[in-house]
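Colleague: Here it is, the structure, as structure tokens.
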Amino acid sequence: MQLTTFNQLPEEQALAAIAHCVAIPHWQQALVAARPYASLAALLATGDALARQWQGDALQAALAAHPRIGERASGSDKQATLSRGEQSAMQQADRSLQQAMQQGNQTYEARFGRVFLIRAKGRSAEQMLAELQRRLQNDQQAEQQEALDQLREITLLRLEESIE
């Protein structure tokens, strides 16, 4: 969608146009309320600034819409379609690597009480597994911040891919 079109959409349609970026309604609402944007860079800067305000509650809300790394997102909505594409490296990995990721996911969830989140786009399956293993050494606070940073990266990539 063109930025000028996004700027001119009625509020409800503008919210629907970015809903797939992240399942955090107050971020979506604030981003739409700040229109019009003079440039894509201004839109992304606002999205980034808003995302840097996220805390644990926002992370939990967003994670409800994210499949585990290595699991195929179901559904035909835009978020599921994007997730499948973003995680394609893990879907194409060999069986032993997929099993290691599955075991890592279970260990991570037992340790931190939430799904492991990583920006999968542009990363190999091996890189994602190595990051999971590294992040298992984090304490709760450090890991929450890493997960929030990854969520912000995912959100901004999706926003940038959606608005030109």
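Colleague: Which of these values of semi-axes √(5λ) of the Cα gyration tensor in Å was calculated from the structure shown: (1) 30, 17, 13; (2) 25, 20, 12; (3) 35, 20, 12?
Modeller: Correct label is (1).
Colleague: Quick one: which of 25-32, 1-8 comes out on top by average Cβ neighbours within 10 Å, and what's the full order, highest first?
Modeller: Top to bottom by mean Cβ count within 10 Å: 25-32, 1-8.
Colleague: How much length would be gained if the chain were fully extended between Ala34 and Glu109, taking 0.36 nm per residue of separation minus their Cα-Cα distance, in nm to one decimal?
Modeller: Values: separation 75, 0.36 × 75 = 27.00 nm, distance 3.61 nm.
Net length gain for the segment: 23.4 nm.
Colleague: Next question. Calculate one ³J(HN,Hα) per residue across region 120-130 by plugging θ = phi - 60° into the Karplus curve 6.51 cos²θ - 1.76 cosθ + 1.60, and present them in order as whole Hz with x for glycine and proline.
Modeller: 7, 4, x, 10, 7, 4, 4, 5, 5, 5, 4
Colleague: With r defined as the distance between the Cβ atoms of Glu161 and Ser124 and R0 fixed at 25 Å, what FRET efficiency is calculated, to the nearest 0.05?
Modeller: 0.80
Colleague: Any idea how far apart His26 and Gln92 come out in nm if each label point goes 7 Å out from Cα toward Cβ?
Modeller: Computed distance between label sites His26 and Gln92 equals 4.0 nm.
Colleague: What nm value, rounded to one decimal, do you get for the distance between Leu136 and Met1 when each label is placed 7 Å out toward the C-beta?
Modeller: For the pair Leu136/Met1, the computed spacing is 4.1 nm.
Colleague: Here is a further query. Run the accessible area of region 3-162 with a 1.4 Å probe and give the carbon-and-sulfur part as a rounded percent.
Modeller: 48 percent
Colleague: Further question on the same structure: Which whole-number value in Å² is the accessible area per residue of the chain, probe 1.4 Å?
Modeller: 51 Å²
Colleague: How far apart, in nm, are the 7 Å Cα→Cβ label points at Ala19 and Ala45?
Modeller: 3.0 nm
Colleague: With a Förster radius of 41 Å, plug the Cβ-Cβ distance of Glu11 and Glu146 into 1/(1 + (r/R0)^6) and report the FRET value to the nearest 0.05. Intermediate values should be presented prior to the final figure.
Modeller: Working: r = 33 Å, r/R0 = 0.81.
Efficiency at R0 = 41 Å is approximately 0.80.
The values are calculated or read from the model by the stated rules, or taken from the named source; none is laboratory data. Everything numeric here is computed off the predicted structure, so don't read it as measured data. Please note: Cβ atoms are built from the backbone with ideal geometry, for glycine as well, and neighbour counts cover all protein chains shown. Keep in mind that these areas ignore ligands, DNA and RNA; they rest on the heavy atoms of the full protein, side chains included. Shrake-Rupley method; radii C 1.70, N 1.55, O 1.52, S 1.80 Å.
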